[in-house]
1. Which values, in whole Å and largest first, are the semi-axes of the equivalent ellipsoid of the stretch 27-78 obtained as the square root of 5 times each eigenvalue of the Cα gyration tensor?
2. Please report, in cubic angstrom per residue, the volume enclosed by the convex hull of the alpha-carbon atoms of the stretch 1-52.
3. Quick one: which of 67-80, 43-56 comes out on top by average Cβ neighbours within 10 Å, and what's the full order, highest first?
4. When the Cα atoms of the chain are enclosed in a convex hull and the volume is divided per residue, what value in Å³ results?
5. Given Cα pairs under 8 Å that are at least 6 residues apart, what percent is the relative contact order of the stretch 36-98?
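Only the coordinates and a few stated rules stand behind these numbers; no lab work does. Given the structure is predicted, the values throughout are model-derived calculations rather than measurements. Every residue, glycine among them, receives a Cβ derived from its backbone with ideal geometry; neighbour counts consider all protein chains shown.
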C-alpha cells in the first residue's frame with residue numbers, strides 16, 4: 001500500500017516533499033485492515049520506514065541492514081536512475097537481496 005496516494009511535489013533541492021499527514025490518517029488504517037494478514041512487506045525509503053518500522057536512522061542504513069527487519073520485510077531504495085552509483089558500491093543488493101526478494105514474492109503469491 002502506498003503511504004501517500006497524492007504526490008506532494010518537490011522541495012527546493014529537487015527531493016520529494018514529505019507525504020501529507022492527511023493521507024495516512026484517511027487511508028492507512030482502512031487499507032491495512034482490508035489487507036488482512038500481510039505476508040510480505042516491501043518498504044521504500046524514509047517516510048515508509050518511519051511509519052512501518054519506527055526507523056530513526058538513514059534510509060540507506062536500513063537498506064544495508066535489510067536482513068535484520070525480518071524474513072518477510074524488505075527495505076528498498078526509491079527506484080531511480082540516481083541509484084546507479086549506489087548499486088555499484090553495494091553489490092549485495094543485486095547479488096543477495098534481489099534474489100531473496102524474488103523468492104519471498106513467489107512464496108507470498110503461492111500461499
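1. Numbers: eigenvalues 82, 33, 13 Å².
For the stretch 27-78, the ellipsoid semi-axes come out as 20, 13, 8 Å.
2. Residue-normalised Cα hull volume stands at 77 Å³.
3. Ranked from most to least packed, the peptides come out as 43-56, 67-80.
4. 122
5. 34
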